[in-house]
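The values are calculated or read from the model by the stated rules, or taken from the named source; none is laboratory data. Note that this is a predicted model, so its numbers are computed, not measured. Backbone-built Cβ (ideal geometry, glycine too); neighbour counts: all protein chains shown. When the accessible area is computed, the model is the full protein with side chains, heavy atoms only, and any ligands, DNA or RNA have been set aside. Shrake-Rupley method; radii C 1.70, N 1.55, O 1.52, S 1.80 Å.
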Amino acid sequence: MADWSTFDPLIHNVALLAAGVMAISLTYQPGPRPRPDLWLALRYLLAVLLGMYLTSNGIVLSDDLRFDFRAVIVAVVARRHGLLPALLVVLPLSLYRASLGGSGMGWGMLQMTLIALLGSLGIGWKRIDLSFDDESPAQRWWRSFTLFATVNLTLFPAAYLAGQPLSEAVLLYAGTSILGAVGLFMSCEILQARLETLAHTTHLRHLASVDSLTGCFNRRQFDADFVTTHPSRRSFLLMMDLDHFKRINDTFGHDTGDRVLVALADTLRESTRSSDCLYRLGGEEFAVLLHDSTLDDAHEVAERIRHAVETTVARRAGLPGERITLSGGLVAVQGDRHQVLQEADGHLYAAKDGGRNRIHRQVTVVHA
């Protein structure tokens with residue numbers, strides 16, 4: 001039987017597990033990240049190293065069996081990322097456990113494999129996103145306990161082959177199941193807290209960068225994104241303004257005006273490309289940054305926007321008898337930022353002076 005006269009080894013292993021999972025949780029980062037594959041590789045490396053370290057600090061339960069939390073690491077990976085990543089963690093941990101020797105290594109390898117298979121149920125072959133469990137703490141606890149209580153049933157034939165009495169096998173089963181469940185529950189809570197914090201941070205960033213009425217990026221985000229580039233990047237700025245929007249507000253009220261702005265934003269999203277960025281700069285003024293394009297391509301997008309606004313926005317806003325149009329100014333994003341904005345405004349006003357419902361564009365663009 002295991003020597004339970006001291007809890008020092010157990011406390012040491014729990015502390016190692018908590019610290020290691022906390023380190024792994026830091027590889028989950030908010031928002032788009034450069035080289036996400038490197039973060040995944042780092043997460044995998046940390047999981048394997050933590051599993052090896054936990055294995056080397058295992059608690060001896062009997063002459064042939066020992067307990068450690070490496071199966072918890074496999075379970076965490078299985079529940080977060082699916083079967084394939086979990087098996088990729090099982091492989092080096094099994095090889096490392098085999099290098100330590102002892103007759104209990106076969107049971108340990110079987111346990112980790114079953115943990116990977118059962119722990120990934122409902123997750124699938126692989127999952128890379130940062131989703132977190134939509135469960136209560138009580139549900140997470142019972143899922144953790146059920147997983148280890150099921151997998152650890154394999155301990156009985158292992159104990160029988162080792163010649164242990166049934167009473168000792170029952171105690172080992174109960175102890176390892178509870179400890180494994182506690183370790184997995186603690187690890188899941190650590191990761192859950194991290195992912196919920198990231199979700200909250202992402203939400204706050206969203207509120208800071210997105211216009212609450214239309215869902216477009218706001219002026220703050222436009223200022224952050226607007227960077228004049230080398231001419232070879234070929235980015236263009238389309239400044240747009242609804243024609244006679246004040247008349248709509250004065251005639252139908254501001255609630256209707258808001259509906260028009262929402263309908264306009266929806267139409268702009270449908271008419272732009274996935275690489276384009278849409279902004280509401282204020283009031284009825286909008287802008288689109290068109291990246292990696294030519295002047296003719298950018299003008300084609302601008303004309304598509306203009307036509308879509310003329311034909312769909314009034315109907316979408318519940319004003320089928322009205323004619324709602326916009327004017328725009330299209331310029332290349334080159335040189336001084338202030339100059340580019342001035343030129344875009346100049347072309348926008350030229351479109352309005354020219355009769356509205358039109359796009360006034362830069363005649364030529366000089367590329368390096």
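Could you tell me whether any residue of region 232-242 is out of contact with any Ser or Thr (no Cβ under 8 Å at 6 or more places or on another chain), open to solvent by 10 Å² or more (accessible area, probe 1.4 Å), assigned to a helix (DSSP H, G or I) and more than 30 Å from ARG143 (Cα to Cα)?
Checked against the condition, which is being out of contact with any Ser or Thr (no Cβ under 8 Å at 6 or more places or on another chain), open to solvent by 10 Å² or more (accessible area, probe 1.4 Å), assigned to a helix (DSSP H, G or I) and more than 30 Å from ARG143 (Cα to Cα), region 232-242 yields at least one hit.
Consider only pairs whose beta carbons are under 7 Å apart and that are at least six residues apart or on different chains; among these, list those whose first residue lies in region 277-299 and is of a type in the set (A, V, I, L, M, F, W, C) and whose second residue is open to solvent by 20 Å² or more (accessible area, probe 1.4 Å) and assigned to a helix (DSSP H, G or I).
CYS277/ASP225; LEU278/ARG269; LEU281/ARG219; LEU289/ASP225
Please find, among ASP292, ASP296, the residue that is under 32 Å from the mean Cα position of the chain (by Cα) and either under 21 Å from HIS360 (Cα atoms) or surrounded by fewer than 20 Cβ atoms within 10 Å (Cβ to Cβ) (or both).
Of the residues listed, the single one that is under 32 Å from the mean Cα position of the chain (by Cα) and either under 21 Å from HIS360 (Cα atoms) or surrounded by fewer than 20 Cβ atoms within 10 Å (Cβ to Cβ) (or both) is ASP292.
Name, by its number, the condition in (1) under 17 Å from ALA351 (Cβ atoms); (2) within 29 Å of the chain's Cα centre (by Cα); (3) not in a helix (DSSP H, G or I) that does not hold for SER275.
(1)
Among the residues in region 323-339, are any among the hydroxyl-bearing types (Ser, Thr, Tyr), more than 17 Å from ARG234 (Cβ to Cβ) and either surrounded by fewer than 18 Cβ atoms within 10 Å (Cβ to Cβ) or touching a helix residue (DSSP H, G or I) at 6+ places or on another chain (Cβ under 6 Å) (or both)?
Yes: region 323-339 contains one or more residues that are among the hydroxyl-bearing types (Ser, Thr, Tyr), more than 17 Å from ARG234 (Cβ to Cβ) and either surrounded by fewer than 18 Cβ atoms within 10 Å (Cβ to Cβ) or touching a helix residue (DSSP H, G or I) at 6+ places or on another chain (Cβ under 6 Å) (or both).
Kindly provide the set of residues from region 327-339 that are touching a residue at least 60 places away in the same chain (Cβ under 8 Å) and over 19 Å from ASP297 (Cα atoms), ordered by number.
Of everything in region 327-339, those that are touching a residue at least 60 places away in the same chain (Cβ under 8 Å) and over 19 Å from ASP297 (Cα atoms) turn out to be GLY335, ASP336, ARG337.
Just to check your reading of the model, which residue among LEU155, LEU117 is modelled with pLDDT of 85 or more and in a helix (DSSP H, G or I)?
LEU117
Name every residue in region 230-242 that is modelled with pLDDT under 90 and over 16 Å from SER275 (Cα atoms), in order of residue number.
Matches in region 230-242: HIS230, PRO231, SER232.
So that you can scan it fast, the table gives a plain yes or no per residue for (1) surrounded by 18 or more Cβ atoms within 10 Å (Cβ to Cβ); (2) of a type in the set (S, T, N, Q); (3) modelled with pLDDT of 90 or more:
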{"position": "GLY51", "(1), (2), (3)": "yes, no, yes"}
{"position": "ASN57", "(1), (2), (3)": "no, yes, no"}
{"position": "PHE67", "(1), (2), (3)": "yes, no, no"}
{"position": "VAL74", "(1), (2), (3)": "yes, no, yes"}
{"position": "LEU83", "(1), (2), (3)": "yes, no, yes"}
{"position": "GLY102", "(1), (2), (3)": "no, no, no"}
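Assess whether ARG194 counts as being crowded, with 17+ Cβ neighbours inside 10 Å and at negative phi.
yes
Go through region 300-314 and count every residue that is open to solvent by 50 Å² or more (accessible area, probe 1.4 Å), closer than 25 Å to ASP255 by Cβ and in contact (Cβ under 8 Å) with a residue 12 or more places away in the chain.
Qualifying residue count, region 300-314: 1.
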